[in-house]
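A.B. asks: If you scroll down you'll find the structure; I have some questions about it.
The values are calculated or read from the model by the stated rules, or taken from the named source; none is laboratory data. All figures in this text were calculated on a predicted structure; none of them were measured in a lab. Virtual Cβ from ideal backbone geometry, glycine too; neighbours counted across all protein chains shown. Just the protein is used for accessible areas: all its heavy atoms, side chains included, with ligands, DNA and RNA removed. Shrake-Rupley method; radii C 1.70, N 1.55, O 1.52, S 1.80 Å.
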Amino acid sequence: MNHPDTGTDEGAGIREQLDRTNALLQRVLAEVSKTPSTHAIFVDAGYVYAAAGLLVTGTEDRRSFDLDAEGLIEAFIDKARTIFADSRLLRVYWYDGARRRIHTVEQQSIAELPDVKVRLGNLNANNQQKGVDSLIRTDLESLARHRAISDAALVGGDEDLVSAVEAAQGYGARVHLWGIEAGEGRNQAEPLLWEVDSQRTFDLDFCRPYVTRRSVTMYDDESPAPAREDVRFVGAQIAAGWLSSRGRDALADLLPGHPYLPGSVDQDLLVEAERLLQHSLRGHAHLRRALRDGFWQHLQAQY
């Protein structure tokens, strides 16, 4: 028996399915076109302080200069508005380190800025950030996975950030690496440069308004030098404050290096001792040894 209408019916059914599919796609595309793209800025503060400080003042030491974080964040936001013209800002993430992850006064003021979220890793005894890269990866990956951002501006240079970039890209986000000009060579890892979707570098003129060198405290070196025992006592006094603020975990990290102190700790010790003594210890090697002896003696007595 012949069924002359079967082919016609099947063709009509296919055309009807195609029409429904096309209508659905048109509705989806219409909704997508109404949804604005969104970007976020992820700032590794340790990188910014080191790179901008070195570029503008010639040193990476945070104690030697002041950084106008609020002004710099606004500059980053303005730059993003230009680059991502049809996109809205989700927020700026500011990643820094702090002892026991307790905000410093400066970090508190940054956290109070609109559209800024401060995320803290830890600082070890050598003033090195710990856990910041993992925080960046967690935020980047989470926001990309939930389609909360379409573009990420990443201000940093550590090779450990490669996994964060890969994670975000795996969910369809584009990652744009922003850096600060290096006087010589590069201050961003090559594997990171290879992995991102675009690169941008901020030069000296961009950074200069936000970095100011601190004035150097001058002491009267013509007065008699302090006695060795006085310097030793000051070393112990500073050690007590150091231990109180940093805790026994930091002490455990420090002790294996005895009798040597990490450069950052030794510099802090010298600056604080000169402030308390109101006398420069530069050029007095025997007094600096006494200062370190007093510092170590107090710490070892507490362990």
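A.B. asks: Is region 156-173 home to any residue that is touching a residue at least 60 places away in the same chain (Cβ under 8 Å), open to solvent by 50 Å² or more (accessible area, probe 1.4 Å) and not aliphatic (A, V, I, L, M)?
C.D. replies: Yes; the residues of region 156-173 include at least one that is touching a residue at least 60 places away in the same chain (Cβ under 8 Å), open to solvent by 50 Å² or more (accessible area, probe 1.4 Å) and not aliphatic (A, V, I, L, M).
A.B. asks: Now for a separate question. For ILE149, only one of the following conditions fails: (1) touching an Asp or Glu at 6+ places or on another chain (Cβ under 7 Å); (2) of a type outside the set (Asp, Glu); (3) open to solvent by less than 70 Å² (accessible area, probe 1.4 Å). What is its number?
C.D. replies: (1)
A.B. asks: Return only the number of the condition from (1) assigned to a helix (DSSP H, G or I); (2) farther than 30 Å from LEU251 by Cα; (3) modelled with pLDDT under 80 that ARG63 does not satisfy.
C.D. replies: Exception for ARG63: condition (2).
A.B. asks: Which pairs turn up if I take residues in region 186-209 that are at negative phi and look for partners that are open to solvent by 90 Å² or more (accessible area, probe 1.4 Å) and in a helix (DSSP H, G or I) with beta carbon separation below 6 Å, at least 6 apart in sequence or on another chain?
C.D. replies: Partner pairs satisfying both residue conditions: ALA189/GLU159; PRO191/GLU159; LEU192/GLU159.
A.B. asks: Hey, another quick one. Could you please find all residues in region 63-90 being exposed (fewer than 15 other Cβ atoms within 10 Å of the Cβ) and among the basic types (Lys, Arg)?
C.D. replies: Residues satisfying the conditions are ARG63, ARG81, ARG88.
A.B. asks: Still on this structure, please answer the following. Can you tell which of ARG289, ARG282, ARG248 is surrounded by fewer than 16 Cβ atoms within 10 Å (Cβ to Cβ), free of Cβ contacts under 8 Å to residues at least 60 places away in the same chain, of a type in the set (Lys, Arg) and under 27 Å from ASN122 (Cβ atoms)?
C.D. replies: ARG248
A.B. asks: Please specify each residue of region 266-279 satisfying the condition of being open to solvent by less than 40 Å² (accessible area, probe 1.4 Å), in contact with a Phe, Trp or Tyr (Cβ under 9 Å, 6 or more places away or on another chain) and either without any contact (Cβ under 8 Å) to a residue 40 or more places away in the chain or at positive phi (or both).
C.D. replies: ASP266, LEU269
A.B. asks: Yes or no: region 184-203 includes at least one residue that is farther than 30 Å from LEU90 by Cβ and open to solvent by 50 Å² or more (accessible area, probe 1.4 Å).
C.D. replies: Taking every residue of region 184-203 in turn, at least one turns out to be farther than 30 Å from LEU90 by Cβ and open to solvent by 50 Å² or more (accessible area, probe 1.4 Å).
A.B. asks: Which residue is nearest to ALA40 (Cα to Cα), if the candidates are limited to region 69-111 and must be of a type in the set (Asp, Glu) and touching a Ser or Thr at 6+ places or on another chain (Cβ under 9 Å)?
C.D. replies: Restricting attention to region 69-111, the residues satisfying the condition of being of a type in the set (Asp, Glu) are 70, 74, 78, 86, 96, 106.
Still in the list and also touching a Ser or Thr at 6+ places or on another chain (Cβ under 9 Å): 70, 86, 96.
Values: GLU70: 16, ASP86: 13, ASP96: 17 Å.
Filtering first and then ranking leaves ASP86.
A.B. asks: Kindly indicate whether any position in region 147-163 is at pLDDT 95 or above, of a type in the set (Asp, Glu) and more than 26 Å from LEU254 (Cβ to Cβ).
C.D. replies: Among the residues of region 147-163, at least one is at pLDDT 95 or above, of a type in the set (Asp, Glu) and more than 26 Å from LEU254 (Cβ to Cβ), which makes the answer yes.
A.B. asks: Then there's this: I'd like to verify a number: residues in region 292-303 that are over 33 Å from the mean Cα position of the chain (by Cα), under 14 Å from PHE233 (Cβ atoms) and open to solvent by 60 Å² or more (accessible area, probe 1.4 Å), how many?
C.D. replies: 3
A.B. asks: Hey, can you tell me all the residues within region 228-245 that are of a type outside the set (Lys, Arg), more than 20 Å from ASN122 (Cα to Cα) and open to solvent by 50 Å² or more (accessible area, probe 1.4 Å)?
C.D. replies: GLU229, ASP230, PHE233, GLN237
A.B. asks: PRO226: assigned to a loop (DSSP other than H, G, I, E, B) and in contact with a His (Cβ under 7 Å, 6 or more places away or on another chain), yes or no?
C.D. replies: yes
A.B. asks: Could you grab me the full set of residues in region 129-178 that are more than 17 Å from GLU190 (Cα to Cα), in a helix (DSSP H, G or I) and of a type outside the set (A, V, I, L, M)?
C.D. replies: SER134, ARG137, THR138, ASP139, GLU141, SER142, ARG145, GLN169, GLY170
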